[in-house]
Amino acid sequence: MKDVLWIALGAVVGANLRYAVNRVALKVFSASVPYGTLIVNVTGSFLLGLFLAWTSERVLADPRWRPLVAVGFCGAYTTYSSYSYETAMLLEQGHYGLATANFFANNVLTLLAVFAGMALARAL
């Protein structure tokens, strides 16, 4: 039950920061390109990679930090961070075919899912 609370705390912060970044990006950049999402996806991926590598390879971190930061914060801030980290791990482990498949599956299938959801919403 403790992990659920840590995840919830991280998620509150991550979701609110995502909202704030998107609002600022809309004011600073053109709304015609989703710069806020790009910024969130890139920074979230960077933060997850930094956090997981640092806490698993460099320091012995309290186990509560992983649910708080990786699952809660990064999960609410962007799920793209998990996808990026997993693909990077496949590449580092020499699983180039799996990394390529993961890359295309995530990008193509999620884009197709967006179109499918849009089509369903428009059909209802």
Out of everything in the range 10-20 that is among the aliphatic types (A, V, I, L, M) and surrounded by 15 or more Cβ atoms within 10 Å (Cβ to Cβ), what residue ends up being nearest to LEU68 (Cα to Cα)? ALA11
Only one of (1) touching a Cys at 6+ places or on another chain (Cβ under 7 Å); (2) over 29 Å from PHE104 (Cα atoms) is not met by ASP3, so which one is it? (1)
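In the range 64-118, what residues are among the polar types (S, T, N, Q) and in contact (Cβ under 8 Å) with a residue 12 or more places away in the chain? Walk me through it before giving the result.
So the first thing to find is which residues in the range 64-118 are among the polar types (S, T, N, Q), and the list is 78-79, 81-82, 84, 87, 93, 100, 102, 106-107, 110.
THR78, SER81, SER82, SER84, THR87, ASN102, ASN106, listed by residue number.
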If we scan the range 41-62, do we find a residue that is part of a helix (DSSP H, G or I), touching a Leu at 6+ places or on another chain (Cβ under 9 Å) and small (Gly, Ala, Ser)? no
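Quickly run through the range 24-34 and pick out the residues that are modelled with pLDDT of 90 or more, within 30 Å of PRO67 (Cα to Cα) and surrounded by 14 or more Cβ atoms within 10 Å (Cβ to Cβ). Write out each step before concluding.
Filtering the range 24-34 for residues modelled with pLDDT of 90 or more gives 24-29.
In the following step, the residues that additionally are within 30 Å of PRO67 (Cα to Cα) were identified as 24-25.
Within the range 24-34, ALA25 is the sole residue that qualifies.
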Scan the range 44-80 for residues that are more than 21 Å from LYS2 (Cβ to Cβ) and touching a Phe, Trp or Tyr at 6+ places or on another chain (Cβ under 8 Å) and jot them down. GLY44, SER45, LEU47, LEU48, GLY49
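Select from the range 69-124 the residues that are outside any helix (DSSP H, G or I) and within 22 Å of TYR35 (Cα to Cα) and write down the one among them that is modelled with the lowest pLDDT. Before you say what the answer is, go through the steps one by one.
Here is the first cut: in the range 69-124, the ones outside any helix (DSSP H, G or I) are 78-79, 93-95, 124.
Add one more test, that the residue is within 22 Å of TYR35 (Cα to Cα), and what stays is 78-79.
Numbers: THR78: 89, THR79: 72.
This residue is THR79.
The values are calculated or read from the model by the stated rules, or taken from the named source; none is laboratory data. The shown structure was predicted, so the numbers you read here are calculated from the model rather than taken from an experiment. Cβ coordinates were reconstructed from backbone atoms using ideal geometry, including for glycine residues, and neighbour counts include every protein chain displayed.
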